[in-house]
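Reading through the structure tokens given below for one structure.
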Amino acid sequence: MNDIKKILVPFDVSAASEQALKFALGFITKDDAPEIVIVHSSNAIEDNTLVTTLKEKISVIKDEFPYVSKSKVELVLRHEVLIDTIINEQKEYGVDLVIMGTKGSIAKDEGHITNTAELVLEANCPVLVVPEQTKGFEVHKIALVLGKEEIDDPSVLSVLLEVARRFKAQVHVLTIVNEDGTYGYSVADEKNENTIAYYLEKFYSHHTFRENQDVEQGIFDYVRDQKIDMVAILPSNHSKQQQPSEGRLTKLLTLHTKVPLLTLD
């Protein structure tokens, strides 16, 4: 069963949004054609020149993808604030995945936030963050980052399965240990292992534990060392069974990632 039937892409003609649109169109194959909803939010949508520019740019990008004609690709123009627009359209269209580009940020200030980071924290659906510097759209290895807690809602892994299936990618599970004490397969780890093996089927590779006091840096070190093409996380700020967090790690990863980041919600 395909759980990604409709994809929403915020688009403002920036290089980052172009990368996001290309990633979305790459989901269209000869056997699978999810609908693509392209959203542009601006106070100037009555400007015919702007609308023409948007349509021309989208048309040029679409021409790069051989199976795009199999899918419905729709441009939606809205006046609302970007994040409000995306969330409203996601609900209205029943979107399964939002793919949004980002320039990222080198800021270490935890008070700093971009539109993409804000969306990831607020959205109640999976979001794929595509950095502007992403080169190519081949995904061979995905790192699913887990903490020590039991997976809150295993059903969100179905989207990760569809992404892994689309790219025929291996999924590595990564746990960064940032405090003293023993670690390894606890009761929660064992339950997570069974859950992941069930949901991810043949695409699940292995589970790695690494020590690093800085969890973010530990993740990025693993990405570099293992040549990971995409990182997937389960944001704890939307946790239902456990106490929700403030989403600090989610925000930092969104701001600083150099590979696509999939947030599962």
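The values are calculated or read from the model by the stated rules, or taken from the named source; none is laboratory data. The structure displayed is predicted, hence computed values, not measured ones. All Cβ positions, even for glycine, are placed from backbone atoms using ideal geometry, and neighbour counts span all protein chains on display. Only protein heavy atoms, including side chains, enter the accessible area calculation; ligands, DNA and RNA are left aside. Shrake-Rupley method; radii C 1.70, N 1.55, O 1.52, S 1.80 Å.
Quick one: in segment 119-159, which of the residues that are closer than 15 Å to residue 257 by Cα and not β-branched (Val, Ile, Thr) is nearest to the chain's Cα centre (by Cα)?
Our first condition is that a residue be closer than 15 Å to residue 257 by Cα; within segment 119-159, this holds for 120, 127-135, 142-145.
When the remaining residues are screened for being not β-branched (Val, Ile, Thr), the result is 128, 131-133, 135, 143-144.
Working: 128: 2, 131: 10, 132: 14, 133: 15, 135: 16, 143: 12, 144: 12 Å.
Only one residue tops the list, namely 128.
Which of the residues belonging to segment 203-230 are over 21 Å from the mean Cα position of the chain (by Cα) and among the hydroxyl-bearing types (Ser, Thr, Tyr)?
Residue satisfying the conditions is 208 alone.
Determine which single condition residue 155 fails, assuming it passes every other condition in (1) within 28 Å of residue 209 (Cα to Cα); (2) in contact with a strand residue (DSSP E or B) (Cβ under 7 Å, 6 or more places away or on another chain); (3) modelled with pLDDT of 90 or more.
(2)
Which residues, counting only those in segment 231-265, are among the acidic types (Asp, Glu) and either under 11 Å from the mean Cα position of the chain (by Cα) or modelled with pLDDT of 90 or more (or both)?
Here is the first cut: in segment 231-265, the ones among the acidic types (Asp, Glu) are 246, 265.
Of everything in segment 231-265, just one residue is among the acidic types (Asp, Glu) and either under 11 Å from the mean Cα position of the chain (by Cα) or modelled with pLDDT of 90 or more (or both), namely 265.
List every residue pair whose Cβ atoms sit under 6 Å apart, with the two residues 6 or more apart in sequence or on different chains, where the first one lies in segment 150-176 and is within 18 Å of residue 96 (Cα to Cα) and of a type in the set (Gly, Ala, Ser) and the second, anywhere, is modelled with pLDDT of 95 or more and open to solvent by 20 Å² or more (accessible area, probe 1.4 Å).
Correct list of pairs: 164/203.
Please return the ranges of helices (runs of 4 or more DSSP H) entirely within segment 1-110 where 1 or more residues are open to solvent by less than 10 Å² (accessible area, probe 1.4 Å) and within 19 Å of residue 254 (Cβ to Cβ). Working first, answer last.
Numbers: elements: 15-25, 48-62, 82-93.
Correct list: 15-25, 82-93.
Hey, does segment 192-206 have a residue that's surrounded by 13 or more Cβ atoms within 10 Å (Cβ to Cβ), closer than 22 Å to residue 252 by Cβ and in contact (Cβ under 8 Å) with a residue 12 or more places away in the chain?
Checked against the condition, which is being surrounded by 13 or more Cβ atoms within 10 Å (Cβ to Cβ), closer than 22 Å to residue 252 by Cβ and in contact (Cβ under 8 Å) with a residue 12 or more places away in the chain, segment 192-206 yields no hits at all.
Checking residue 220 against (1) at pLDDT 95 or above; (2) assigned to a strand (DSSP E or B), which single condition isn't satisfied?
Only one criterion in (1) at pLDDT 95 or above; (2) assigned to a strand (DSSP E or B) is unmet by residue 220, namely (2).
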